[in-house]
Amino acid sequence: MPVIREEDLISGFRDLGLKNGDIVLVHSSLKSFGYVEGGADTVIDALLKSVGDEGTVMVPTLTGKPTDSKENPPVFDVRHTPCWTGRIPETFRLRKEAIRSLHPTHSVAAIGAKKIILTEGHENSKSPCDENSPYYKNALLKGYIMLIGVVQESNTSIHSCEEIAGVPYHLQKEITEAYVIGYKGERIIVRNRLHDWNKPPTDFNKLDRIFYEKGIMRIGKIGNSIIRLIEADKMFEITVELLRKDNYFLVKKLE
Ligand SMILES: CC(C)(COP(=O)(O)OP(=O)(O)OC[C@H]1O[C@@H](n2cnc3c(N)ncnc32)[C@H](O)[C@@H]1OP(=O)(O)O)[C@@H](O)C(=O)NCCC(=O)NCCS
């Protein structure tokens, strides 16, 4: 099993094109690398060093679950609710300099120069990944999406494209009043059309080849981990256009 150190990660991220001042939203599998000396903290430090003090790193700290609905509204405490998106995001959100957005199911944690602008106002979203969300703002600010040892199925920003394009299958029909507990213990009601866990099966991986062939995604390897770095603004342009032409482009066709 390869042993990966911080310097291997930094040179790998830089080879992919990550540079000082960049914004990057990272979806990850820690064990995909092999063995990382220092674990999740080493990966986080390497990402922060790769973008420098002017840059910003974000991770999805998702908490939604299939029972979330108008009848069973989610309760989210920004300080204490753990995420299910892996060891790297869970370690990241607990860093004292991290800010986590106030969304009951699709929060994001950010560290760096643009952490406030990216995370603020997520509680005003009408759906998890709409124009007020960090996913969309990442595209507006010409950030990147990085997939570390995971595939497009983990790319939450594709849900954002579905919401922007207005596909009819992705959100619950009803509006849920969810409870968010903020950093000072204050209670906020967030009204949202939540993710529909009973939606038809989708195939986000069919976008992988399109992103690569359009030249908006680079692929590299660090240890055993395949890393993808995608230009978020162009990914949104391409994906929203495909979804506007065909709302069901990403829905798996019945055999
Ligand atoms: C589910 C998922 C997190 C699992 O990945 P993973 O690598 O198995 O799990 P984590 O990233 O949480 O890391 C923990 C694993 O790393 C291993 N690990 C611990 N220390 C380690 C180290 N120093 N070096 C390498 N691996 C280590 C742990 O043993 C654990 O593996 P195990 O469960 O087999 O014991 C990943 O596949 C995934 O889907 N990530 C993206 C999630 C996401 O963003 N989803 C958005 C949905 S829209």
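The values are calculated or read from the model by the stated rules, or taken from the named source; none is laboratory data. Please read all numbers here as calculations on a predicted model, not as lab measurements. Note that each Cβ is placed from the backbone with ideal geometry, even for glycine, and that neighbours are counted across all protein chains shown. Remember, those area values only see protein heavy atoms, side chains included, never the ligands or the DNA or RNA. Shrake-Rupley method; radii C 1.70, N 1.55, O 1.52, S 1.80 Å.
Couple of notes before you dig in:
- Within the range 1-129, the ratio Rg/Rh, alpha carbon atoms throughout and Rh by Kirkwood, equals 1.00.
- Residues Asp41 and Ser11, FRET efficiency given R0 of 22 Å [Cβ-Cβ distance, rounded to 0.05]: 0.75
- Loop-located trypsin sites (Lys or Arg not before Pro) in the range 164-221 (DSSP state other than H, G, I, E, B) with a sparse environment of at most 12 neighbouring Cβ atoms within 10 Å: Lys173, Lys184.
- A full extension of the chain between Lys252 and Val151 corresponds to an added length of 34.7 nm, given 0.36 nm per residue minus the alpha carbon distance.
- When the trypsin sites (Lys or Arg not before Pro) in the range 55-105 are filtered for DSSP coil states and for at most 14 other beta-carbon atoms within 10 Å of their beta-carbon, the remaining sites are Lys70, Arg79, Arg95, Lys96.
- Backbone amide hydrogens, once placed in the peptide plane, bring Tyr144 within less than 5 Å of Ile23, Val24, Leu25, Ala232, excluding anything fewer than 5 places away on its chain.
- When the alpha carbon gyration tensor of the range 64-206 is reduced to an equivalent ellipsoid, its three semi-axes come out at 21, 20, 15 angstrom, largest first.
- Positive-end residue of Thr239, Pro200, Tyr212, charge dipole of the range 174-240 with Cβ unit charges: Tyr212
- Extending 7 Å from the Cα toward the beta-carbon at both Ile226 and Glu177 defines two label points whose distance is 4.7 nm.
- Taking all pairs of distinct alpha-carbon atoms in the chain, Kirkwood radius in angstrom: 18.4
- Using just its DSSP H runs of length 4 or more, each adding -39500 (n - 2.57), the chain gives a mean residue ellipticity at 222 nm of -8000 deg cm²/dmol after division by all residues.
- Checking the cross-link pairs Lys206/Lys234; Lys70/Lys115; Lys70/Lys114; Lys19/Lys137; Lys137/Lys221; Lys173/Lys206 against a 22 Å limit on the alpha carbon distance flags Lys70/Lys115; Lys70/Lys114; Lys137/Lys221; Lys173/Lys206 as lying beyond it.
- Accessible surface of the chain [probe 1.4 Å, protein heavy atoms]: carbon and sulfur percent: 52
- Take the range 3-245 with all the other protein chains still there, run a 1.4 Å probe, and you get 44 Å² of accessible area per residue.
- The range 166-234, dipole about Cα centre (Lys/Arg Cβ +1, Asp/Glu Cβ -1), debye to the nearest 20: 140
- Each of the peptides 238-248, 22-32 was scored by the mean count of other Cβ atoms within 10 Å over its residues; in descending order, highest first, they stand as 22-32, 238-248.
- Take the Cα of Asn205, step 7 Å toward its Cβ, do the same at Lys126, and the gap between the two points is 3.5 nm.
- Note on His80 and Ser29: their simple-model spin labels are 3.3 nm apart, each label 7 Å out from Cα toward Cβ.
- In a reduced charge model with +1 at each Lys and Arg Cβ and -1 at each Asp and Glu Cβ, the range 61-109 shows a dipole moment near 180 debye about its Cα centre.
- Reduced Cα scattering model of the range 155-212, Debye log10 I(q)/I(0), q = 0.18, 0.23, 0.30, 0.31 Å⁻¹: -0.76, -0.98, -1.25, -1.28
- Charge dipole (debye, nearest 20) of the chain; +1 at Cβ of Lys and Arg, -1 at Cβ of Asp and Glu: 100
- Ser160 sits among other residues whose Cβ lies under 11 Å from its own Cβ, and their net charge, with Lys and Arg +1 and Asp and Glu -1, is -3.
- Multiplying the residue separation of Lys234 and Glu71 by 0.36 nm and subtracting their alpha-carbon distance yields 54.9 nm.
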